[in-house]
Amino acid sequence: MAPKTPFLSIVFPAYNEELRLLETLQRTLAFIHTLPYPAEIVVAENGSVDGTFEIARSLSVLHPEINTLHLEKAGKGRAVQAGMLAARGCYRFICDVDLSMPIEEVPRFLPPQIEGEDIVIASREAPGAMRYDEPWFRHFIGRIFNNMVRWMVLPKLQDTQCGFKCFSDEAAEALFPLMTIPGWTFDVEVLAIAFKMGFRVKELPIPWYYHPHSKVRVVRDSVRMASDLLKIRRNLRRGEYDLQG
């Protein structure tokens with residue numbers, strides 16, 4: 001008998017996450033076992049130099065709900081792209097390994113709690129969102145970048161960089177093959193293409209808990225991300241995504 005198509009895929013990009021991954025996967029397994037529909041977990045590990053892939057693979061042997069991918073090159077966008085295209089779910093949810101948004105919040109992004117949206121993104125800035133334990137300077141720097149995103153590319157969105165986003169299978173399969181940015185700014189590119197293609201996007205306020213072991217390096221990554229914004233805006237103006245589509 002062929003396995004059932006999952007209603008939900010939870011996709012974890014994972015780079016050097018050996019300290020957090022086992023606990024996160026165990027918690028996520030416990031969560032999906034409470035759901036009234038079939039679900040899978042996809043771990044897209046890329047470029048790690050620790051035991052991240054071995055942890056994911058060993059757990060996948062015991063739990064067929066887990067699918068593990070290994071990519072040689074690092075880059076969060078590259079991992080997300082591979083994971084979202086390997087996923088089989090009717091809804092595909094990108095999830096950071098740190099679970100700064102509790103995994104139990106995921107059903108809020110899905111029918112029947114939300115209907116008629118192609119993409120639902122977690123927002124730390126939408127009315128009703130709550131931030132916990134975040135240093136003021138991280139919030140300040142994040143707001144600078146978000147304002148740049150709104151000014152240059154996505155004026156309708158308050159928070160494009162929160163690492164929790166849900167895509168319908170139709171949206172995921174249309175958008176992720178067009179991605180060109182392998183790093184942190186992949187979110188902006190995918191959402192910009194989504195608006196251009198007419199997909200419906202909703203921001204959902206969430207509770208968000210700061211964890212100090214972030215992979216973002218503020219100065220280095222901010223320069224790279226600003227350069228990426230210029231590239232995305234240029235590509236939109238030149239119709240580059242139209243040509244790829």
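No lab work stands behind these numbers, since they all come straight from the coordinates. None of the values given here were measured: they were computed from a predicted structure. As a convention, Cβ positions derive from the backbone with ideal geometry for all residues, glycine included, and neighbour counts pool all protein chains shown.
With the Cα gyration tensor of the chain giving a ≥ b ≥ c as the square roots of its eigenvalues, does the rule (a/c under 1.5 for rounded; else a/b larger than b/c for prolate; else oblate) give rounded, prolate or oblate?
It is rounded, given that a/c, with a ≥ b ≥ c, falls under 1.5.
With a cap of 15 neighbouring Cβ atoms within 10 Å, and only residues DSSP puts in a loop, list the trypsin sites (Lys or Arg not before Pro) found in segment 1-47.
Here the trypsin sites (Lys or Arg not before Pro) that fit, given the DSSP loop and packing criteria, are K4.
How long is the gain from Y37 to R131 if the chain were fully straight, where each residue apart is worth 0.36 nm and the alpha carbon distance is subtracted?
That pair, Y37 and R131, stretches by 30.8 nm at full extension.
Quick one: Cα centre-to-centre distance for segment 158-205 and segment 38-67, in angstrom?
Each part reduced to its Cα centre gives a spacing of 24 Å.
Under 10 Å, Cα contacts only: if you run a Gaussian network model on the chain, which one of S58, S222, S100 comes out with the highest mean-square fluctuation?
With Cα springs under 10 Å in the chain, the top fluctuation among S58, S222, S100 is at S58.
From the phi of every residue in segment 169-175, what ³J(HN,Hα) in whole Hz does the Karplus formula 6.51 cos²θ - 1.76 cosθ + 1.60 yield, where θ is phi - 60° and glycine or proline is x?
Taking θ as phi minus 60°, the curve returns 4, 4, 5, 4, 6, 7, 8 Hz for segment 169-175.
Quick one: Karplus J couplings for segment 88-101, per residue in order, coefficients 6.51, -1.76, 1.60, θ = phi - 60°, nearest Hz, x for Gly and Pro?
Whole-Hz 3J(HN,Hα) from phi for segment 88-101: 10, x, 5, 10, 10, 10, 6, 9, 6, 4, 6, 6, 5, 9.
Which residue, chosen from C162, A226, F199, occupies the Cα position most advanced towards the positive end of the dipole of the chain, where the dipole is computed from +1 (Lys, Arg) and -1 (Asp, Glu) charges on Cβ about the Cα centre?
A226
In debye, nearest 20: dipole of segment 8-244 around its Cα centre with unit charges on the Cβ of K, R (+) and D, E (-)?
Once rounded to the nearest 20, the dipole reads 980 debye.
How much FRET efficiency would the formula 1/(1 + (r/R0)^6) give for E115 and Y209, where r is the Cβ-Cβ distance and R0 is 30 Å, rounded to 0.05?
0.60
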